[in-house]
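Chemist: First, the structure itself, so that you have it in front of you.
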Protein chains: 4
Amino acid sequence: MSGLCELLDHGEVRADEIVAVLGKTEGNGGRNDFTRELCQRSLCRVLAERLRLDQDEVSRRVVFSLSGGTEGVVSPHLCVFARTGEALPAPRADKRLAIGVGWTRPFSPQEIGRRAQIEETARVVREVAASLCVDGTGDVHLVQMKGAIPPATFEQTRAARRGGSPLRSDMVHSRAASAIGVGVALGEIDPALATDDAVCSSWDLHSSVASVSAKPGLERSEVMVFANSRFWAGDLRIEHGVMRDILDVDTVAQVLSRLGIEYSTRPSEEQVARIVGVFAKAEADPRGTVRGRRHVMLDDDDVSDTRWSRCALGAVLASALGETAVYVSTRAEHHGPLGGGPLAIIAR
Amino acid sequence: MSGLCELLDHGEVRADEIVAVLGKTEGNGGRNDFTRELCQRSLCRVLAERLRLDQDEVSRRVVFSLSGGTEGVVSPHLCVFARTGEALPAPRADKRLAIGVGWTRPFSPQEIGRRAQIEETARVVREVAASLCVDGTGDVHLVQMKGAIPPATFEQTRAARRGGSPLRSDMVHSRAASAIGVGVALGEIDPALATDDAVCSSWDLHSSVASVSAKPGLERSEVMVFANSRFWAGDLRIEHGVMRDILDVDTVAQVLSRLGIEYSTRPSEEQVARIVGVFAKAEADPRGTVRGRRHVMLDDDDVSDTRWSRCALGAVLASALGETAVYVSTRAEHHGPLGGGPLAIIAR
Amino acid sequence: MSGLCELLDHGEVRADEIVAVLGKTEGNGGRNDFTRELCQRSLCRVLAERLRLDQDEVSRRVVFSLSGGTEGVVSPHLCVFARTGEALPAPRADKRLAIGVGWTRPFSPQEIGRRAQIEETARVVREVAASLCVDGTGDVHLVQMKGAIPPATFEQTRAARRGGSPLRSDMVHSRAASAIGVGVALGEIDPALATDDAVCSSWDLHSSVASVSAKPGLERSEVMVFANSRFWAGDLRIEHGVMRDILDVDTVAQVLSRLGIEYSTRPSEEQVARIVGVFAKAEADPRGTVRGRRHVMLDDDDVSDTRWSRCALGAVLASALGETAVYVSTRAEHHGPLGGGPLAIIAR
Amino acid sequence: MSGLCELLDHGEVRADEIVAVLGKTEGNGGRNDFTRELCQRSLCRVLAERLRLDQDEVSRRVVFSLSGGTEGVVSPHLCVFARTGEALPAPRADKRLAIGVGWTRPFSPQEIGRRAQIEETARVVREVAASLCVDGTGDVHLVQMKGAIPPATFEQTRAARRGGSPLRSDMVHSRAASAIGVGVALGEIDPALATDDAVCSSWDLHSSVASVSAKPGLERSEVMVFANSRFWAGDLRIEHGVMRDILDVDTVAQVLSRLGIEYSTRPSEEQVARIVGVFAKAEADPRGTVRGRRHVMLDDDDVSDTRWSRCALGAVLASALGETAVYVSTRAEHHGPLGGGPLAIIAR
């Protein structure tokens, strides 16, 4: 918190302009990761003091999207997004970073991982994107989500199984349906194909800008849309690409190039200093190989493949960029091709 | 084993010419890693059948240096070294890869991590290097070792502590003293400075070609020296560099350049196909930061920093090379600078 | 191996009379547990040398049922079963321990966790039990199994999912269907209720003598039946009970009492010395509580509930018996009530 | 928190009378266990609201001793100690539970694990015990401590090593010196033997009432003394015993007997309901065996022996008592004999 407090104390960021905080905390990223909660409470306390609000009011006002897992070289860090003023009255020539947030309606456990979740997710993504006054869906470069996983009792789980429609209210299916919902909203996926059966099965359906994690206990999915818009000002822009596998470091250079950061072998320190946020998702390839050789991540009962793949992805990005404050996330069902996933970068 | 069996069956490798096998197996690389043993027994059985020898005779004839830990994208693999014929009668113009092996005398638990281990290690490294007819110590590019850790009983450990000279017979100190021994042998470290107190303390003393792991239960250290020599033939050469930290991907390009493999952003498939072995060592920086930012590897009581740093190092090398069969090892006390370590590559 | 070698060398056990080896090895009991394989190969080598057979012949002749996971106080150990002579020509007054082994036919991935696996398992259990000349199914006290999990490719898995009948070829379902099969064979479960839908859902269906683990890659399930029979001699008998939860230490006293070992608070050393095998199965209660209080085993993404529950069960038994060589296994779907499971003890 | 809030809301406990909270939280009990911090902050917030104090003031007023690690069947729980009124003006015939708290002076990293820490700990324990008006040291049955581990930089650590007196500012040595300090204070250990060299070496020196954990970052050790005193009223008493090893379930019956709870095989539900706190410490025997057989806890590089031994100890106590809310702690250097440790029980 100390870095944020300093910025607030020096007036470089105003507490009442903060709309979202994305960050990586140092837990395991799984069910028993309490670092997200600890960080969020600390953020709420810091902002509540400055805004003279109750902590609960703060968490209704600001979106906190904290993701556990800073394996290997990845450094725990926060990206704090503040918005000053209103949308411009008339469009500028240049597009600038625009951010919007929204929430789905609450889901029942039975809806997760199925068409109901896909459609409601798509509806919210469309709505938030429209509110940013983008020229088209091509201006959306990152949809950062926490997918809902409403709690289900042992008895509900058993009843659903006996009813022939087993619950999918787990992290895998909530991420998968959310990503398909993003793809549907942005025209990447034909809605007719986005069926219950397609979830975790039709791997050719995917979004290249979704970045979804799922949170047990969450009843409504949280949606953050990052786009470039002619109606927003500031010095930031966002671009994205798709890593074809977890080692695909070439995509880093391509995305940076779209942001006007060009280099031959490695970006210079000045170029790296222009980067303010790196958001990537990839995974331990479910087919069991990377670049034609076996990997063992999926057979490890000591440490989850989610941890190994975040560690590997973080190291790939950090070595390419010389920067370890990268937001890496994993298990990327319907996020880009199998094994790979989307990469979005925000830069000045 | 199936790949090796095929090469043997097709006569591409002759069992009686095999002198050493280096490899990565998929265990945790710690005390309860049984994959090394399982792999070594399988190798012994394969070679024993073909050589019509007892398995114990095979393990006296061939050096097996199996290292556990293929975290993340690293693929389990074996590098099998075979030697045909004798040293050349007269030097060639070109230097070619030369390999020699040796063993220290057995150590007592009290000697590990102290001057006795340093000196005996240096003696053996010098002897093996000389046997390869190198022009000088500069021709030695990799000294791959398994450091001894003779077993000590609970009572021996207690007695040593009470006697004011606590045992150092652990992996940390055996690696450290071995690396200093290599540095002394090759003129990298002034023998006068290689004292008991310097071990795990005088971090400016280090070798840039040592690559040591340590094995509980081993009474004699195993030493493999890889050099370039005018008295050896074949189509292989070895070069090395020092990674200044675990993200130092630029060193990869420098070492490949010395092997005649030059490229702008990434090596081509043809260039990668020339590479036959990549051996690297680096570590979770003991000062707690990488490139100026905090890492959390050293405070993790769920998963060892050795596993995270192998995963990160493997991903860095694999993304730079497009090849996941890389031999990565970690905890690199007195191997290059703090946090970094040596990188050696063998190529055609 | 050293203990077994000594017994063989001293003639206390004859290699050609060994029919089965059950044992606990010190791995994680999961997919990447290589200790079972290492132990089995060592056993094969020891027996092959003495029987002057090929190692592959040994593994066709002797059933090796090695189970990973000696968490906490549980000591790695082997129970070696040897059979001398043939079945008696006429029944004795007393029943004695009888052992028989069998194998199911190979299964396809689609059959696992479904009725096909249940029925074939039941058939084999009935056949092996009959071969032991038991008076009735009540004489069967332990059916120790390794359930098949034939390998399925990524494409097979996807095709099954798209076909509306997702594969159940995992450890959970193979254990569950095997246990139901045992219950059907022994009259504990009405075959009409043993449907596809009942697996992992109708928790009231269970066997009180099944003890199943499942092994990825195994194509046929292995079945070992332990019973008391009038046609067998020797000084051993077996009895069983059902632990109602993982802490149910009272069942230990009840089973020992049936074996003629009676005591008030704790068995004496002489009584413990009569015990030659303790085989128990229980689990982290899937409802999330033990004795009315929350446990956290099922929300732990660092260490599997299988490891914690083996550790807890082993400690419960070891503290009750004063003996740490106990065979504990976990995840007990359809093995006794939820959270609990069967306990069988063999004693002189 | 919900249970505590209810008690406070119903007036069964008054916030201003709470002096200490001991509890088990569900983290790993190691350096990266954030559950203790999260729980403590939640407690502070709950109490701050009710006491209309700042959260920092609450944490100066109440001792929070939260210990991570509820492995296996152990249930996360809090024991909240409230004190009403003052010490009695004259002694009663019966002794009742008395609680006192204190803090050592801040330590330098160099003092930890050495005589300076022992002596200061002993001084505070004596002082707090005296304040409870006990008849003698025999009335003290539990000294619950958090041992200090002041932070040391990489450079301080290196300088100390080069100076010939390596830092001992780790969990092992802080626990060890604290326990010796308790033993010295209570006459269990001859102060003349409590030297620097004795720490983690003279295992015959131990306290039977100390229960110390150590907390990285803590500069002053926290001391809580639990005793029986004629000057205190209420319906609670405390007794203790020493488990001779981690399976020593007989000590449970002995301690309960001293509290007037007598039974033959297992305590009745009514008897269990009289128990309000169970505090035990034991460990994976450092000699590598339990009851004459090998255990593998100390060679496990996947999961710490601290976690396995807490799991085993918790299961032993829970199966003996039928109660899973037990406070178990591990690594018990100089706490009772090697492998074992103290057990204290508070009951009505």
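Chemist: On a C-alpha basis, how far is the centre of the stretch D:304-348 from the centre of the stretch D:168-188 in Å? Whole number, if you could?
Modeler: 19 Å
Chemist: I've got another one for you. Taking just the alpha-carbon atoms of the stretch B:12-82, what radius of gyration and Dmax come out, in angstrom?
Modeler: Cα only, the stretch B:12-82: 12.5, 38 Å (Rg, Dmax).
Chemist: Just need the relative contact order of the stretch A:12-82 here, percent rounded to a whole number, with Cα pairs under 8 Å and 6+ apart.
Modeler: This gives 56 percent for the stretch A:12-82.
Chemist: Next question, about the same structure. Rounded to the nearest 10 Å², what accessible area does C:Arg258 have for a 1.4 Å probe in the complete protein model?
Modeler: 110 Å²
Chemist: Is chain D rounded, prolate or oblate when judged by the Cα gyration tensor, a ≥ b ≥ c being the square roots of its eigenvalues, rounded requiring a/c under 1.5 and prolate requiring a/b larger than b/c?
Modeler: Judged from the Cα gyration tensor, chain D comes out rounded (a/c under 1.5).
Chemist: Looking at chain B as a GNM with Cα springs under 10 Å, which of B:Val62, B:Val101, B:Val125 has the largest mean-square fluctuation?
Modeler: With Cα springs under 10 Å in chain B, the top fluctuation among B:Val62, B:Val101, B:Val125 is at B:Val62.
Chemist: Quote the convex hull volume per residue of the protein assembly as shown, based on C-alpha atoms, as a whole number of Å³.
Modeler: Convex hull of Cα atoms, per residue: 182 Å³.
Chemist: With charges set only on the Cβ (+1 for Lys and Arg, -1 for Asp and Glu), what does the dipole of the protein assembly as shown come to about its Cα centre, in debye to the nearest 20?
Modeler: I would put it at about 0 debye.
Chemist: Accessible surface of C:Lys215 in the full protein assembly, 1.4 angstrom probe, to the nearest 10 Å²?
Modeler: Its heavy atoms expose roughly 70 Å² to the probe.
Chemist: Explain nothing, just the number: dipole magnitude of chain A about its Cα centre with +1 on each Lys and Arg Cβ and -1 on each Asp and Glu Cβ, in debye rounded to the nearest 20.
Modeler: On the way: 42 positive and 47 negative charges, 80 e Å.
Dipole about the Cα centre, nearest 20: 380 debye.
Chemist: Taking only Cα atoms and a 10 Å spring cutoff, compute GNM fluctuations for chain A and point out the largest among A:Ser174, A:Ser65, A:Ser264.
Modeler: Among A:Ser174, A:Ser65, A:Ser264, the largest GNM mean-square fluctuation belongs to A:Ser264.
Chemist: Then there's this: When each copy gets a label point 7 Å from Cα toward the beta-carbon at B:Glu57, what are the spacings between them in nm, shortest first?
Modeler: The projected label point of B:Glu57 is separated from its counterparts by 2.2, 8.6, 8.7 nm.
Chemist: Show me you know the interface measure: the accessible area buried between A and D, both chains summed, probe 1.4 Å, in Å² to the nearest 100.
Modeler: 1100 Å²
Chemist: Right, another one. Net charge around D:Glu119, counting only other residues with Cβ within less than 12 Å of its Cβ (Lys, Arg = +1; Asp, Glu = -1)?
Modeler: Local charge sum for D:Glu119: +2.
Chemist: Tell me what the protein assembly as shown gives for mean residue ellipticity at 222 nm when only DSSP H runs of n ≥ 4 count, each as -39,500 (n - 2.57), the sum divided by the residue total, rounded to 500 deg cm²/dmol.
Modeler: -9500 deg cm²/dmol
Chemist: Working only with C-alpha atoms, what are the Rg and Dmax values of the stretch B:1-128, expressed in angstrom?
Modeler: 17.2, 49
Chemist: Express in whole angstrom the spacing between the alpha-carbon centres of the stretch A:203-278 and the stretch C:287-303.
Modeler: Distance between centres, Cα-based: 38 Å.
Chemist: On a C-alpha basis, how far is the centre of the stretch A:40-93 from the centre of the stretch C:25-67 in Å? Whole number, if you could?
Modeler: Measuring centre to centre over Cα atoms gives 57 Å.
Chemist: Once you've got the GNM for chain C with C-alpha springs shorter than 10 Å, pick whichever of C:Thr195, C:Thr153, C:Thr25 has the biggest mean-square fluctuation.
Modeler: C:Thr153
Chemist: Using protein chains only and a probe of 1.4 angstrom, how many square angstrom of B:Thr84 are accessible, to the nearest 10?
Modeler: 100 Å²
Chemist: For a 28 Å ceiling on Cα separation, which of these pairs sit above it: B:Lys95/B:Lys281; A:Lys146/D:Lys146; A:Lys281/C:Lys215; C:Lys215/C:Lys281; A:Lys24/D:Lys215?
Modeler: Going by Cα-Cα distance, A:Lys146/D:Lys146; A:Lys281/C:Lys215 fall outside the 28 Å limit.
Chemist: Take every DSSP beta bridge whose two residues both sit in the protein assembly as shown, then give the antiparallel share in percent to the nearest 5.
Modeler: About 65 percent, rounded to the nearest 5.
Chemist: Do any GluC sites (Glu not before Pro) in the stretch A:1-97 lie in a loop, going by DSSP, with at most 13 other beta-carbon atoms within 10 Å of their beta carbon, and if so which?
Modeler: Numbers: sites: A:Glu6, A:Glu12, A:Glu17, A:Glu26, A:Glu37, A:Glu49, A:Glu57, A:Glu71, A:Glu86; in loops: A:Glu12, A:Glu26, A:Glu71, A:Glu86.
Of the GluC sites (Glu not before Pro), the ones in loops of the stretch A:1-97 whose Cβ has at most 13 other Cβ atoms within 10 Å are A:Glu12, A:Glu86.
Chemist: Which one of B:Gly68, B:Ala48, B:Leu7 has its Cα pushed farthest toward the positive end of the charge dipole of the stretch B:5-140, where Lys and Arg give +1 and Asp and Glu give -1 at the Cβ?
Modeler: Among B:Gly68, B:Ala48, B:Leu7, the one farthest towards the positive end of the dipole of the stretch B:5-140 is B:Gly68.
Chemist: What nm value, rounded to one decimal, do you get for the distance between A:Glu270 and C:Glu262 when each label is placed 7 Å out toward the C-beta?
Modeler: Taking the simple label geometry, A:Glu270 and C:Glu262 are separated by 9.4 nm.
Chemist: In Å, what Kirkwood hydrodynamic radius results for the stretch C:235-347 from the alpha-carbon pair distances? If you can, show how the numbers build up before the last one.
Modeler: Values: mean 1/r = 0.0701 Å⁻¹.
It is 14.3 Å.
The values are calculated or read from the model by the stated rules, or taken from the named source; none is laboratory data. Bear in mind the structure is a predicted one, so any value in this text is a computation, not a measurement. FYI the Cβ positions are ideal-geometry reconstructions off the backbone, even for glycines, and counts take in every protein chain you see. We work out accessible area using only protein heavy atoms, side chains counted, and drop any ligands, DNA or RNA first. Shrake-Rupley method; radii C 1.70, N 1.55, O 1.52, S 1.80 Å.
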